[in-house]
Amino acid sequence: MAKTLSFNPDDSVHAFLTTIPEVTYGEGPLSGVTVAVKDNITTKGIETTCASKILKGYIPPYDAHVVTLLKDAGAAIVGKTNMDEFGMGTTTENSAFGPTLNPLDKNRVPGGSSGGSAAAVGAGLCDLAIGSDTGGSIRCPAAFCGIVGLKPTYGRVSRFGLIAYANSLEQIGPMARDVSSLSKLFSVIAGPDPRDATSVDRPYSHEPLKKIDGLKIGVPEEFFGEGVNPQVAEVVREAISTLESLGAETKPCTMPSMKYALSAYYVTCTSEASSNLARFDGVRYGPGLDSPKSWHEAYSEQRKEGFGKEVRRRIILGTFSLAAGYFGRYYQKAQTARQMVRDDFERILKDVDVIAGPTMPDIAFRLGEKSDPLQMYLSDILTVPANLAGVPAISVPCGRVDGMPVGLQIIGKYFDDERVIDTAYAFEQEGV
Amino acid sequence: MVTAEDVRKVAKLADVGIDDSEITEFTRQCSGVLEYFEILDTLDQSKQLIRERYNILREDEVTPSLSQEESLQNAGQTEKGFFKAPRVM
């Protein structure tokens, strides 16, 4: 029997783009649990904009696979959360509908691109949230808002209904205030789906265990190197010591591919974006074109009006990387670098069970602090390697610097999301 | 690194439109990013890429999909059950 609940949050941080005042929900493991969904995930009958003007008013005629699974589990889907337009950003300032604020300090960003989801959970506006992570978009805002966020192994969650930005990198994942709730949400959304050819038959039905006796943890020196705030590094090193005190063993290691990872990531994601975003032509959805102008003229005008600057910049960069005469110079080399990142992870994870380091090189930025695109991109350096390789990675709160939360990142082997979750759980139970 | 002309040309290829007022900013920012990408030129390219990629295909059977009405519901302009788009020629 369907039940209803009222949802009228005091959203002073602008976490939501759309809220559902009367929510219907059913029976199941998440019965009546309030879940927010990032606005790049398709919800039947509920406006889905990717925080872009070009999709304003778009009402999807179908549900994303994860949304179907959430409804089947009884979850109460309470609204759609703010984000950087199409997932392109690290602060949620690139939303066409205005930034989300960090619930812990409203002068700071919540991180991005799933900033609305993190802020909604962090501020206690809802129980759980769904985000997507292309280069850190779940883990970064989880770290900045002091919550837990998981980027699952690539293929573990169906991307059917996720409005694509960079298909080979992105995964949908769970966000929560604690590891147990995150684990429960993950068990609902993981599993195969014939409508996503990259999804894999690896469902998740695990109860987090805090026993990490004998766990081997690799600590790459590059995660504590140049560009990482020393105070953040210190808090994370202390967290790793806590894991040692629980019986884990640490081992220093190196990841030489880190030098190339950020370039490999940005060449790949902008290239994929330039192709994916070609579909936003204003014909099948969007404001509609009915002008006597020619196709290219009308199409260009519509996209200039409908896309924000960062989206257009990434489309230009991606078109450039793929253009005749430049392909060998950028895209092809980026794929070699991507292979190096995978090789580094495989080599390190032969010796150790998980890798640990900071999620972000710094605490949440002040609003407007990162105005130069390259400076913004550089802050993704510690999160993009897991996306390039497809391995699972979690961010769990591990302390504070200047009153703002710091995230401990734990990266694991392919399809070993369980161990990544256990490590985070063990830390959460014993740590700060 | 890249000139204003390069950016103008690529923006035209990508149909994203660009104003004269934006061209200096976009050229400077794209140059900065592309210069950063030059680190890739120092990579050892001799190693063969592992290509463990294969297609996932299914039988060519009719499966449920959107109705014509649902497909058209978000279109700005329709005519006689079709999407209406600007002229191409």
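Of the residues A:Lys80, A:Lys38, A:Lys71, the single one that is within 16 Å of A:Arg159 (Cβ to Cβ) and away from chain B (no Cβ under 14 Å) is A:Lys38. Criterion applied to A:Ala129, A:Ala143 was being in contact with a Ser or Thr (Cβ under 6 Å, 6 or more places away or on another chain), of a type in the set (A, V, I, L, M, F, W, C) and assigned to a strand (DSSP E or B), and the one residue passing it is A:Ala129. Here A:Gly135, A:Gly155, A:Gly124 are screened, and the one residue that is buried (at least 24 other Cβ atoms within 10 Å of the Cβ) and assigned to a loop (DSSP other than H, G, I, E, B) is A:Gly135. Within the range A:49-94, being open to solvent by less than 20 Å² (accessible area, probe 1.4 Å), among the polar types (S, T, N, Q) and without any contact (Cβ under 8 Å) to a residue 60 or more places away in the chain holds for A:Thr49, A:Thr92. Would you mind finding the one in A:Asp362, A:Asp380, A:Asp344 that is more than 9 Å from chain B (Cβ to nearest Cβ), touching a residue at least 12 places away in the same chain (Cβ under 8 Å), part of a helix (DSSP H, G or I) and not aliphatic (A, V, I, L, M)? Among A:Asp362, A:Asp380, A:Asp344, only A:Asp344 is more than 9 Å from chain B (Cβ to nearest Cβ), touching a residue at least 12 places away in the same chain (Cβ under 8 Å), part of a helix (DSSP H, G or I) and not aliphatic (A, V, I, L, M). Tallying residues that are surrounded by 10 or more Cβ atoms within 10 Å (Cβ to Cβ) and either in a loop (DSSP other than H, G, I, E, B) or touching a Leu at 6+ places or on another chain (Cβ under 7 Å) (or both) within the range B:69-82 yields 6. Restricting attention to the range A:330-341, report how many residues are more than 8 Å from chain B (Cβ to nearest Cβ), over 30 Å from A:Val109 (Cα atoms) and either basic (Lys, Arg) or touching a residue at least 24 places away in the same chain (Cβ under 8 Å) (or both). Going through the range A:330-341 one residue at a time, the tally reaches 1.
Just one of the numbered conditions (1) within 8 Å of chain A (Cβ to nearest Cβ); (2) open to solvent by 60 Å² or more (accessible area, probe 1.4 Å); (3) modelled with pLDDT under 90 is not true of B:Ala85: (2).
Of the residues examined, A:Ala324 is one that is more than 8 Å from every other protein chain (Cβ to nearest Cβ) and either part of a loop (DSSP other than H, G, I, E, B) or surrounded by 15 or more Cβ atoms within 10 Å (Cβ to Cβ) (or both). If the condition is being surrounded by fewer than 19 Cβ atoms within 10 Å (Cβ to Cβ), more than 7 Å from chain B (Cβ to nearest Cβ), in contact (Cβ under 8 Å) with a residue 12 or more places away in the chain and farther than 16 Å from B:Lys12 by Cα, then the range A:279-311 contributes only A:Glu310. Restricting attention to the range A:52-59, does a residue exist that is assigned to a loop (DSSP other than H, G, I, E, B), modelled with pLDDT under 95 and either of a type in the set (Val, Ile, Thr) or more than 26 Å from A:Val311 (Cβ to Cβ) (or both)? No, the range A:52-59 has no match at all. Checking the stated criteria, A:Thr198 turns out to be among the β-branched types (Val, Ile, Thr), part of a loop (DSSP other than H, G, I, E, B) and surrounded by fewer than 17 Cβ atoms within 10 Å (Cβ to Cβ).
Exactly one residue out of A:Val232, A:Val179, A:Val219 is surrounded by fewer than 21 Cβ atoms within 10 Å (Cβ to Cβ), aliphatic (A, V, I, L, M) and within 20 Å of A:Ile410 (Cβ to Cβ): that is A:Val219. Across the range B:11-68, the qualifying residues are those that are open to solvent by less than 80 Å² (accessible area, probe 1.4 Å) and acidic (Asp, Glu), and the one among them that is nearest to the other protein chains (Cβ to nearest Cβ) is B:Asp15.
Reported count of residues in the range A:2-33, each being in a strand (DSSP E or B) and open to solvent by 20 Å² or more (accessible area, probe 1.4 Å), is 10.
Exactly one residue out of A:Gly98, A:Gly79, A:Gly112 is in a loop (DSSP other than H, G, I, E, B) and either within 25 Å of A:Gly32 (Cβ to Cβ) or under 13 Å from the mean Cα position of the chain (by Cα) (or both), and it is A:Gly112. Going residue by residue through the range A:256-277, is there one that turns out to be in contact with a Lys or Arg (Cβ under 7 Å, 6 or more places away or on another chain), surrounded by 17 or more Cβ atoms within 10 Å (Cβ to Cβ), more than 8 Å from chain B (Cβ to nearest Cβ) and among the aromatic types (Phe, Trp, Tyr)? No - not one qualifying residue is present in the range A:256-277. Of everything listed in (1) more than 8 Å from chain B (Cβ to nearest Cβ); (2) touching a residue at least 24 places away in the same chain (Cβ under 8 Å); (3) of a type in the set (D, E, K, R), the single unmet condition for A:Lys350 is (2).
The values are calculated or read from the model by the stated rules, or taken from the named source; none is laboratory data. If you're wondering where the values come from, they're calculated on a predicted model, not measured in any experiment. As a convention, Cβ positions derive from the backbone with ideal geometry for all residues, glycine included, and neighbour counts pool all protein chains shown. For the accessible areas, the whole protein counts, side chains as well, though only heavy atoms, and no ligand, DNA or RNA atoms are used. Shrake-Rupley method; radii C 1.70, N 1.55, O 1.52, S 1.80 Å.
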